[in-house]
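What follows is a single structure, written as structure tokens, with notes after it.
The values are calculated or read from the model by the stated rules, or taken from the named source; none is laboratory data. Just so it is clear, the model here is predicted, and its values are computed rather than measured. Quick reminder, even Gly has a Cβ in these numbers, built from the backbone with ideal geometry, and neighbours come from all protein chains shown. Ligands, DNA and RNA are excluded from the accessible area calculation, which covers all protein heavy atoms including side chains. Shrake-Rupley method; radii C 1.70, N 1.55, O 1.52, S 1.80 Å.
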Amino acid sequence: MRKIQTILGAIALVMIFCAFQQEKKVTVFMIGDSTMANKDTTGGKQERGWGMVLQPFFNDPYVIDNHAVNGRSSKSFINEGRWQKVLDKIHPGDYVIIQFGHNDEKPAVDRHTDPGSTFDDNLRRFVRETREKGGNPILCNCVVRRNFHRQVDSTVEDESLRDVKYSDEEVNSDTLIDTHGAYREVPRYIAKEMNVPFIDANKITHDLEQGLGVVKSRKLHMWFKPGETPSIPSGRKDNTHYNIPGASMVAALLADEMRNTIPALRPHINKKMIKKTKKNFAKYIKKSE
């Protein structure tokens, strides 16, 4: 009888251990700027960062923990102590998705970094310190801005676009014009140098915007005519930040690329949800025609 109890006890312990292993969460941390960040959704607000809507593309037990913040560069994210807060939470096996560049190119001294020196060094730091905690870094380059104008205005402050009212736009190109320069290439080089998975978010979003064309690509962004949505009665013309369908589509495309690029993540990324989101987005664009 005692032997049977011992055996049953051992089985129970094994079952508890297995259950614990099955329930153990893997966290996917995200660090970056406003194109990735969580947004205020009160009052029917429409702006979304792609990281805010990434969770549906990951199966349990993978949990998204989005620390991206509006207006931050790799420099200010570190100097404000935001990186340390993420670093303190990383456990072995977790992932960190890293996407900067939009604000590193700004001239403000509290944000500016230089490609080939300080920008590179900050990305190396994120990678190195993630690995020191047993985590898995993933480098992304910056998503594109919707820019169909050959003369790029480098003085535009992305955060101020939320105050730009709807108006006709000046377009002089049917080809999307890059605004990021070397900042879009550095993450690729660092990924190769440090043997890190690289997600070419710039190319993926470029192909998305270019494929939609000058007019339809507005439907990705916070571009609303007056009266089109109650939360922005005067309308808005914002070529950087995503609306709800736009953020969902970008998240689907980037999750799909992670699935194809990172074998360890493939079983944990929901292919059906990616397919469904792409289909819904196509319907959304068709309906807007």
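Put Tyr166, Tyr242 in order of accessible area, largest first, 1.4 Å probe: what do you get? All intermediate terms of the calculation are to be shown ahead of the outcome.
Values: Tyr166 60, Tyr242 0 Å².
Heavy-atom accessible area, descending, gives Tyr166, Tyr242.
Rg/Rh for segment 15-140 stands at 1.03; both radii use Cα atoms, and Rh follows the Kirkwood definition. Specify which residue in the list Trp83, Cys140, Gln55 is farthest towards the positive end of the charge dipole of the chain, using unit charges on the beta carbon of Lys, Arg (+1) and Asp, Glu (-1), about the Cα centre. Of the listed residues, the answer is Gln55.
Counting only Cα atoms, segment 74-170 measures 51, 24, 23 Å along its principal axes, largest extent leading. For Phe58, the residues 5 or more places off, or on other chains, whose built amide H falls under 5 Å of its own are Asn270. Using the Karplus relation 6.51 cos²θ - 1.76 cosθ + 1.60 with θ = phi - 60°, the per-residue 3J(HN,Hα) values for segment 199-205 come to 10, 7, 4, 5, 5, 4, 6 Hz, with x marking Gly and Pro.
Given +1 on the Cβ of Lys and Arg, -1 on the Cβ of Asp and Glu, and no further charges, what dipole in debye does the chain carry about its Cα centre, rounded to the nearest 20? Show your work: numbers first, answer last.
Working: 45 positive and 37 negative charges, 309 e Å.
That gives a dipole near 1480 debye.
Determine the dipole magnitude for segment 42-114: charges of +1 sit on the beta-carbon of Lys and Arg, -1 on that of Asp and Glu, nothing else is charged, the reference point is the Cα centre, and the result goes in debye to the nearest 20. Could you put the intermediate results ahead of the total?
Working: 9 positive and 10 negative charges, 41 e Å.
Computed charge dipole of segment 42-114: roughly 200 debye.
Working note: Cα atoms of the chain, range along each principal axis, descending, whole Å: 85, 46, 32. So which residue, out of Gly135, Gly81, Gly51, gets the largest mean-square fluctuation from a GNM of the chain using Cα contacts under 10 Å as springs? Between Gly135, Gly81, Gly51, it is Gly81 that shows the largest mean-square fluctuation. Only protein heavy atoms count here; under a 1.4 Å probe, Val171 has an accessible surface of about 60 Å². Couplings for segment 240-249, taken from phi via the Karplus curve 6.51 cos²θ - 1.76 cosθ + 1.60 with θ = phi - 60°, read 10, 8, 8, 8, 5, x, x, 4, 5, 5 Hz in order; Gly and Pro are left as x. Residue by residue, segment 74-87 carries 3J(HN,Hα) couplings of 4, 6, 5, 4, 6, 5, 7, x, 5, 5, 4, 5, 5, 4 Hz when phi is fed to the Karplus relation 6.51 cos²θ - 1.76 cosθ + 1.60 (θ = phi - 60°); x denotes Gly or Pro.
The amide H of Val26, built 1.01 Å from its N in the peptide plane, has Tyr62, Val63 as neighbours under 5 Å, considering only residues 5 or more places off or on other chains. The value of relative contact order for the chain, using C-alpha pairs under 8 Å at least six residues apart, is 20 percent.
Quick check on the chain: of the DSSP beta bridges with both residues there, what percent are antiparallel, nearest 5%? Numbers along the way, then the final one.
On the way: 5 of 22 bridges.
Approximately 25 percent, going by the DSSP bridge assignments.
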